[in-house]
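The values are calculated or read from the model by the stated rules, or taken from the named source; none is laboratory data. If you're wondering where the values come from, they're calculated on a predicted model, not measured in any experiment. Cβ placement follows ideal geometry from the backbone for every residue including glycine, while neighbour counts extend to all protein chains displayed.
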């Protein structure tokens, strides 16, 4: 395996320009960054969100009239898996103080904090506890912790600039001021951040940051945070129960309109269960597996946007959901690694992006949407993309990782990016010596359900944390702010939900009237469809096999 | 000639003249799949809808531990299904779950020494040094070495050696001494992160600064400022150079 002879030939051009590019970097000469006006133009011309027909207006629900991705609109304009006329609401299967939906970083942080308020907690999750995008986040977590050069003030400015100044200021302020506290919390829980011998934490630049404030644990920062939080949850097994392979497919609301639990679907036994809870935290994460415009994705298997759908059906509006984040550097070769995330830290460490001529065409630390748009431009309008072997019409550009060893010393790539190094080695490619072929890949749901700084929403008893929510990142999240988002707002939502549950004396008669209303609204809007949502799992079935499944029924994509 | 299976598995199947397909044996049953697929995608191509054994699809969550044998070799091979490309005639099974012993503890009450580890995981002492764990790690980690480090009392080394562990559990499934290596390893890492590595003083300093509310006013001002001023502040903010020394300081220190 390894690169094809054609690609090895093209790599020679990259190698030819490399010494000069390294010398410029060492001299502190960077490729000129785009001005704010140039950024705007590049987005409008080349970002996938701006393509004609990418978005569609919602015809039902609290954000009626708002444009979201076609693939998302299909999920909104669909019926519930639960039939309000048939559901048996008399038998409650589980009762708890706080129900957390989603077993990723935000949900787990929320569960820990809710437990600390004295609550019994259930985490319901679609796959295993920890099978989540958190686990896959590689680069790091931003926080202004170095007072001699940085502060929440500068972090705030960076977040706003990355989000094109549209972010919710209150949420941003909360995130940047809570950030150092969260790093302290994680350190106390035993997360192994990379440190100098005196305990000072390593920090790097991310795209769009003015100070090096990205803290990291190898190239597995998310995995380190996720497994530590999960481990801590397991120590509190007396109060925190976990239901795996049990996605929530609908929320439950009492007669006063207070959110009071959820309907879970056991994927293995195909049973539905009712959970009655005094407060619900929604932390289901993002939606990359909806594959907007057919893009490949870095997201985990369960990222189908379920929480946005059922939260919306209950009456919580959405914002910034029109904006989808394409990560600039997803692997396109070899085919087996397609869509795989190559952390932005590779660019943070100094690797250039270069075209088929071996020339740099963009500053490597532009915000993600600008960087992605620039790569798409290079491969389309400019026509200097590198053809992907075996995939006619597909192109990529080089991410010149060997520069890092030249800048920081031999072996740096292997030491700083162990997971990616091992992975590429399996495919016969040494990324300390050869560049990686990459193209933008669907990465992050910038928007989602609307929420306040404490996690509360327009529906009492319903709290939101992490990628399922929208506002803090505006239309474009910066690197290192998602691990921060999930830990900051996971903790806050968990705390608020815990307090709410403690103060709530009774839960009234629970029901799914909101589903009946939503179905009626669909009919009134003239939407006749047999689609069901949430999707739960993406459909990667083989059509040939499906033809032979004579007696199989699928509800949506699930068999 | 040694074969993996005793069942007759060469029953002919009418498939179109597709030279890109290769036979693989999922749980002993033959399926023809494109030769470029990973084991995970091969399952889906074959007609499975994965519920177990599929998480991140990117080699980090450890949900899709897989063991396989090739004909004519007694060797047991391991891999993550999402990362391993199929090979003709491989006989495979996923091990999406394997029960492992896990201690319950309060991290704050632990002492950072090997006694703690041995108390919570007494089976550690049963390690017989057979190295099967190392040979069966799909991440190619030196599993036995980190267990040895723990027995020597070197928790920090165990933490570092085990750091890239994805907790897939193959080591545990193969261990004749019945250790749950990956659970022992995360305890070593948490003890290291919490007690052995020095705490970050700058972090405590910043948290204390935030608690004095010194950033309240500057932040509130930013929040209420007009877009033009905000854009200017953003564009004019001083960039820490890529190659700057760790202790670099900006010219403008008013908002630090």
| remark: Among (1) modelled with pLDDT of 95 or more; (2) touching a strand residue (DSSP E or B) at 6+ places or on another chain (Cβ under 7 Å); (3) part of a loop (DSSP other than H, G, I, E, B), residue A:179 falls short only on (3)
| said: Which residue is farthest from the chain's Cα centre (by Cα), if the candidates are limited to the stretch A:41-76 and must be part of a helix (DSSP H, G or I) and without any contact (Cβ under 8 Å) to a residue 12 or more places away in the chain? | reply: A:41
| query | Any idea how many residues of the stretch A:114-143 are part of a helix (DSSP H, G or I), surrounded by 24 or more Cβ atoms within 10 Å (Cβ to Cβ) and either away from every other protein chain (no Cβ under 14 Å) or modelled with pLDDT of 95 or more (or both)? | reply | 4
| Is it true that residue B:232 is part of a helix (DSSP H, G or I) and more than 7 Å from every other protein chain (Cβ to nearest Cβ)? | yes
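Here is a yes/no grid of residues against (1) out of contact with any strand residue (DSSP E or B) (no Cβ under 9 Å at 6 or more places or on another chain); (2) more than 30 Å from residue A:96 (Cβ to Cβ); (3) not assigned by TED's automatic domain parsing to the domain that holds residue A:282:
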residue	(1), (2), (3)
A:397	no, yes, yes
A:406	yes, yes, yes
A:409	yes, yes, yes
A:415	yes, yes, yes
A:426	no, yes, yes
A:430	yes, yes, yes
A:460	no, no, no
A:467	no, no, no
A:476	no, yes, no
| request: Filter the stretch A:182-202 for residues that are at the interface with chain B (Cβ under 7 Å from one of its Cβ atoms), under 22 Å from the mean Cα position of the chain (by Cα) and part of a loop (DSSP other than H, G, I, E, B) and give the result. | output: A:191
| request: Determine, yes or no, whether residue A:316 is crowded, with 24+ Cβ neighbours inside 10 Å, in contact with a strand residue (DSSP E or B) (Cβ under 7 Å, 6 or more places away or on another chain) and assigned to a helix (DSSP H, G or I). | output: no
| query | Taking into account only those residues within the stretch A:284-313 that are assigned to a loop (DSSP other than H, G, I, E, B) and away from chain B (no Cβ under 14 Å), which is surrounded by the most Cβ atoms within 10 Å (Cβ to Cβ)? | reply | A:284
| residue A:444 fails exactly one of the following numbered conditions: (1) in a loop (DSSP other than H, G, I, E, B); (2) under 17 Å from residue A:284 (Cβ atoms). What is the number of that condition? | (1)
| field | Single residue of B:63, B:81 found to be within 10 Å of chain A (Cβ to nearest Cβ) and closer than 27 Å to residue A:557 by Cα | value | B:63
| query | What about residue B:195, is it within 17 Å of the chain's Cα centre (by Cα) and within 14 Å of chain A (Cβ to nearest Cβ)? | reply | no
| field | Members of the stretch A:216-237 that are closer than 26 Å to residue A:480 by Cα, within 11 Å of chain B (Cβ to nearest Cβ) and in a loop (DSSP other than H, G, I, E, B) | value | A:217, A:218, A:219, A:220
| Among (1) assigned to a helix (DSSP H, G or I); (2) away from chain B (no Cβ under 14 Å); (3) crowded, with 20+ Cβ neighbours inside 10 Å - the single one residue A:403 does not satisfy | (2)
| query | Restricting attention to the stretch A:160-181, and to residues there that are at the interface with another protein chain (Cβ under 7 Å from one of its Cβ atoms) and touching a residue at least 12 places away in the same chain (Cβ under 8 Å), which single residue is farthest from residue B:207 (Cα to Cα)? | reply | A:165
| field | Count of the stretch B:30-57 residues which are part of a helix (DSSP H, G or I) and at the interface with chain A (Cβ under 7 Å from one of its Cβ atoms) | value | 2
| said: Scan the stretch A:269-276 and tell me whether some residue there is under 26 Å from the mean Cα position of the chain (by Cα) and either modelled with pLDDT of 95 or more or not assigned by TED's automatic domain parsing to the domain that holds residue A:87 (or both). | reply: no
| task | Could you figure out which of (1) touching a helix residue (DSSP H, G or I) at 6+ places or on another chain (Cβ under 7 Å); (2) more than 25 Å from residue A:315 (Cα to Cα) isn't true of residue A:75? | result | (2)
| field | Among the residues listed as B:67, B:86, the single one being more than 30 Å from residue A:190 (Cβ to Cβ), in contact (Cβ under 8 Å) with a residue 24 or more places away in the chain and surrounded by 24 or more Cβ atoms within 10 Å (Cβ to Cβ) | value | B:86
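The rows are residues; the columns are (1) surrounded by fewer than 19 Cβ atoms within 10 Å (Cβ to Cβ); (2) within 12 Å of another protein chain (Cβ to nearest Cβ); (3) at pLDDT below 95; (4) within 17 Å of residue A:364 (Cα to Cα).
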position	(1), (2), (3), (4)
A:11	no, no, no, no
A:14	no, no, no, yes
A:22	no, yes, no, yes
A:29	yes, yes, yes, yes
A:37	yes, yes, yes, no
A:43	no, no, yes, yes
| field | Candidate set from the stretch A:406-416 (those that are in contact (Cβ under 8 Å) with a residue 60 or more places away in the chain and within 23 Å of residue A:361 (Cβ to Cβ)); member that is surrounded by the fewest Cβ atoms within 10 Å (Cβ to Cβ) | value | A:407
